[in-house]
1. Determine ³J(HN,Hα), in whole Hz, for all residues of the stretch 3-19 in sequence, where each value follows from phi through the Karplus function 6.51 cos²θ - 1.76 cosθ + 1.60 and θ = phi - 60°; x replaces Gly and Pro.
2. Give the aspartates and glutamates reachable from K129 as a straight Cα distance under 14 Å; neighbours fewer than 8 places away on the same chain don't count.
3. Under the rule of at least 5 residues apart or a separate chain, name every residue whose amide H is placed under 5 Å from the amide H of I3.
4. Please list, or write none, the aspartates and glutamates whose alpha carbon is within less than 16 Å of the alpha carbon of K38, excluding same-chain residues fewer than 8 places away.
Amino acid sequence: MSIKFFDMFAGIGGFRSGLEAIGGFECVGYCEIDKYAKQAYEAMYDTGGELYFDDARKIVPEQLPDFDLLVGGFPCQSFSIAGARKGFDDTRGTLFFEIARIAAVKKPKYLFLENVPGLLNHDSGRTFKTILRTLDELGYDVCWQVLNSKNFGVPQSRNRVFIIGYLRGQCAGEVLSFTQTSGKALIQRKANAR
């Protein structure tokens, strides 16, 4: 039995690549607005029979099949220190709420999200607090951790915050339970947005 997942803001399939490497996961659909990223995604993965959406705002959650896991690296430009940091005032910054809109209807057991570490301190932490509060109101407990790809065998240094949400009562174990990579301690925090 495989775990069904929906791939939001799929890019060229970073999440999917990891899930397929582990095995036991089945993609039911994906969403990617960039036509070149979509071409690469479809060249790399067998997407036959999967739903495709070019714009997250056009997805009607009630028409999606059931799935257990929603993955997505929601657009980060509006939170990155390399950008203007307009946050929710930038249209791209509001796309997190498309994830929330789908999760509100489909209630997948797990959310696995990724963004730039600047998300944590954007607008003095208010942006991240809004995200945590939104997920809390949808019934998800959340934990997050900043990880660097270089500590996991990837030949580049790329810090990202990974956010895992799980429906209350659905997770019996510790999420992000590892505490060391390359000898350096990592921080794990559990969210309580209220």
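Please treat every number below as a calculation from the coordinates, not as lab data. Model, not experiment: these values are computed from the prediction.
1. 8, 8, 9, 10, 9, 8, 6, 5, x, 9, x, x, 5, 4, 4, x, 5
2. Partners within reach: E137, D141.
3. F25, E26
4. D7, D46, E50, D54, D55
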